[in-house]
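Enquirer: Dropping the structure in here first, questions after.
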Amino acid sequence: MPPNGSSSVAAVWAILRKECRSEWRTRYGLNAALLFAVATLTGVSFAVGRLPDRTDLLSALLWVVLLFASLASLAHAFVKEVEGHTLTLLRLVASPTAIALGKLLFNLLFLGVLEVVTVPLFLILMGGPPPRWGAFLLVLGLGSLALAATTTLVGAVVSQTRGRGALFAAVSLPLLMVVLAAGVSGLRAQWDGNPIGPDVRLLAAYAAAVLGASVLLYDHLWED
Amino acid sequence: MALRVLLFVWIAGALLAGFLWAPTVENLGETTRVLYFHIPSAWIAVLALAWSMLHSLLYLRTRRLEHDDQAAAAAELGILFCIGATASGSLWARAQWGSYWNWDPRETSIFFVLLIYGAYLALRSAVEGDERRARLAAIYSAIAFVAVPFLMFVVPRIYATLHPSPILPQQGEKTGMDPRIRWSFLAMLVGFTGLFFWMMSLRVRVTRAERRRLETREAGA
Amino acid sequence: MNAAAAPAAAVALSLEARGLAHLYTGRRGLQPVSFAVASPGAVAVTGVNGSGKSTLLRLMAGLLRPTAGASALTLGGVAVPPAARREVVGFASPELQFYDEFSALENLAFAAEARGLADPHGLARAALERVGLASRGGDRVTALSSGMKQRLRLAFALLHRPPLLLLDEPGSHLDDEGRALVDRVVDEERRSGLVVIATNEEREWRLAAERIELRGRGLGDPA
């Protein structure tokens, strides 16, 4: 009985629902992440005040807050499995790719919830000018996709090591520089009235490249 | 043995040539001499990274630990050359333009390479077990391999964003102006490449010897 | 309705190993082993602690990659690559843990859903019934005793009616009633499929017709 496409889809969906249900029951991860994001935001706002005309700083700070919140919380999805020793169970019921995809979708959802809270709060606290919503959401969305894809893969790797949060952040950072650069540039462009085309293309290409590489690499991730 | 001696003589000769025989570049003065060390170091840092990534991919393919040995050794040596390149570049920038760091494209690129090396080595040090370490490190190397072209693309744009009006002069490193400079420089490049591969062979041999020692000890004295 | 009592379709399964080994640096672990076993029937894997019984079972299940040698699993004449083994293998071992925040039923239902099986809740309930945990299905895993968790592991392994059952120390933590359950399950499954039991207990390996004895250095071997 070779694996077929429909059972993989079933596996991804089952894992996604399990993650959501698990998160809903414990609420540990989301609470911590939201608290962290709001605390960082408060710190920034307190230190810098309102920046109604500094679009460069606004873009940079928003991405930094999101980046920090991600690094602090997105590894959680895999660390949970390792610490609870449930990885064997997972590996027996789903393929590595299905597991990874399920976790990725969950991380994406998680990041989305985080942003729904953080971004409006940021705009209000920092006094940023109203964004061109279409462009703003496109840059944010693609950047988040790239962010989630990268951190999910790195998280899967780091969860098997002795290192934890600090190692996860250190190892992810070089890979996330691309997202940071293009994301900041893109947000700034939409505020300044410049075209976001180049940045959007870069983010999309990067996200696609990471996802493509992931599909090939996930099979090697769990072998013991 | 003879090769080792030849290598040292070669590098010494190239250095002497660079300092005593070749002239200095117009507006760089004596600081020109840095290019005999700085650029070859940077070149090796990048070469080592490529070497390491290649062997990581080969390991994932073949699962032969020899490839992991190569990848690890290249990374360990590469980071040394990278630190050398970054530091010498920074000192040169200070001597030339009065500031240690400017995030111009070259500085930014070498810095990213340094970050990747650091991350790779940190990851390796956090895993036990040869095969597991090799596998996880290789996976990371593969992702970094994907990220590098994007980083190189993004780098000039970072500079353009931070320095909208070009204040700094063009970096005149590739002044192949005087052939004596060019020859000394090329000689150093070759010398450094030889140095790198020689150090690699040593490092890999040490790794293998350690593994054999561990195995014979465990197999029962 | 008792889906568990209906005999599974008897498709021929064979498992072969050629010089299969999993060695850590220093030559510890599973020494190269070769064997050929086929369904129907039961096989026991025995050996001192550290000789690699659990490792061998993990290799069979496709959870572990061998450092040397190879194993071949064929079902109905078709080769099953390691990546696909989890679909035809039922695996239960002491380090198999469940999600604490979910109930026993939810854990099994999730497993059935992820495997793409029809009527996941029905299958989960049937599996729980078969191992005598029907009344504890709604309890969170944290509330289960170690004996009950062991039964849950058994249920998990039987969930998708696999032709190959790999049981690592199935009697651990179980009382007499539990062990009788294991005997029953092995007896039922060996009629149509292949059951492999890794154990040091005589009572357990006596259940099997064949035996694979692992000769390893073991943990306490001073050499």
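Enquirer: Could you order B:55, A:85, A:220 by accessible surface area, starting with the largest, using a probe radius of 1.4 Å?
Expert: Of B:55, A:85, A:220, the descending order of accessible area is A:85, A:220, B:55.
Enquirer: For A:133, A:24, B:97, A:63, what's the largest-to-smallest order of accessible area, 1.4 Å probe?
Expert: Correct descending sequence by accessible area is A:24, A:133, B:97, A:63.
Enquirer: Past the 25 Å Cα-Cα mark, which pairs from A:80/C:149; C:53/C:149; A:18/C:149?
Expert: The pairs that break the limit, which is 25 Å between Cα atoms, do not exist here.
Enquirer: Let me ask something additional. Over the heavy atoms of residue C:135, what accessible area does a 1.4 Å probe trace out, to the nearest 10 Å²?
Expert: Solvent-accessible area, nearest 10 Å²: 100 Å².
Enquirer: For B:79, A:124, C:197, give me the order by solvent-accessible area with a 1.4 Å probe, most accessible first, ignoring ligands, DNA and RNA.
Expert: In descending accessible area the options line up as A:124, B:79, C:197.
Enquirer: Just how much of residue A:110 is accessible, in Å², when a 1.4 Å probe is used and the result is rounded to the nearest 10?
Expert: We get 10 Å² for residue A:110.
Enquirer: Are there DSSP H segments in chain B that both extend 20 Å or more along their axis (alpha-carbon positions) and score a mean Kyte-Doolittle hydropathy of at least 1.0? List them, or say none.
Expert: B:2-16, B:35-62
Enquirer: Same structure, new question: Round to the nearest 10 and give me the degree value, 0 to 90, for the angle of helix A:28-48's Cα axis relative to the longest principal axis of chain A.
Expert: Its long axis makes an angle of about 20 degrees.
Enquirer: Something else about it: Across 5 Å bins from 0, what is the distribution of all Cα-Cα pair distances for the range A:155-214, in whole percents?
Expert: It works out to 4, 17, 20, 18, 15, 12, 8, 4, 2, 0, in whole percents.
Enquirer: Something else about it: To check you understand DSSP bridge types, tell me what percent of the beta bridges within the range C:29-183 (both residues inside) are antiparallel, rounded to 5.
Expert: The answer is about 50 percent antiparallel.
Enquirer: Any idea what % of Cα-Cα pairs in chain B are farther than 30 Å?
Expert: Value for chain B: 34 percent of Cα pairs lie more than 30 Å apart.
Enquirer: Apply 1/(1 + (r/R0)^6) to the Cβ-Cβ distance of residue B:30 and residue B:214, taking R0 = 41 Å, and write down the FRET efficiency to the nearest 0.05.
Expert: Step by step, r from the Cβ atoms, then E = 0.25.
Enquirer: With every protein chain present, what accessible area does residue B:30 have (1.4 Å probe, heavy atoms only), rounded to the nearest 10 Å²?
Expert: Rounded to the nearest 10, the figure is 120 Å².
Enquirer: What is the diffusion coefficient of chain C in µm²/s, taking the Kirkwood radius over Cα pairs and the Stokes-Einstein relation at 20 °C with a viscosity of 1.002 mPa s?
Expert: 120
Enquirer: Against the empirical 2.2 N^0.38 Å scaling, what ratio does the C-alpha Rg of the range A:5-220 come to?
Expert: So the Cα radius of gyration is 1.03 times the expected 2.2 N^0.38 Å.
Enquirer: After finding the eigenvalues of the alpha carbon gyration tensor for the protein assembly as shown, what semi-axes result from the square roots of 5 times each, listed largest first in whole Å?
Expert: Rounded to whole Å, the semi-axes are 53, 35, 18.
Enquirer: Under 5 Å between amide hydrogens, which residues at least 5 positions from residue B:25 or on another chain qualify, with H placed 1.01 Å from N in the peptide plane?
Expert: The list, which skips near neighbours in sequence, is B:32.
Enquirer: Pick out which of B:152, B:200, B:53 has the largest mean-square fluctuation in a Gaussian network model of chain B, springs linking Cα atoms closer than 10 Å.
Expert: B:152
The values are calculated or read from the model by the stated rules, or taken from the named source; none is laboratory data. Note that the coordinates shown come from a computational prediction; the quantities given were computed from them, not determined experimentally. Positions of Cβ are backbone-derived with ideal geometry, glycine not excepted, and every protein chain shown enters the neighbour counts. For the accessible areas, the whole protein counts, side chains as well, though only heavy atoms, and no ligand, DNA or RNA atoms are used. Shrake-Rupley method; radii C 1.70, N 1.55, O 1.52, S 1.80 Å.
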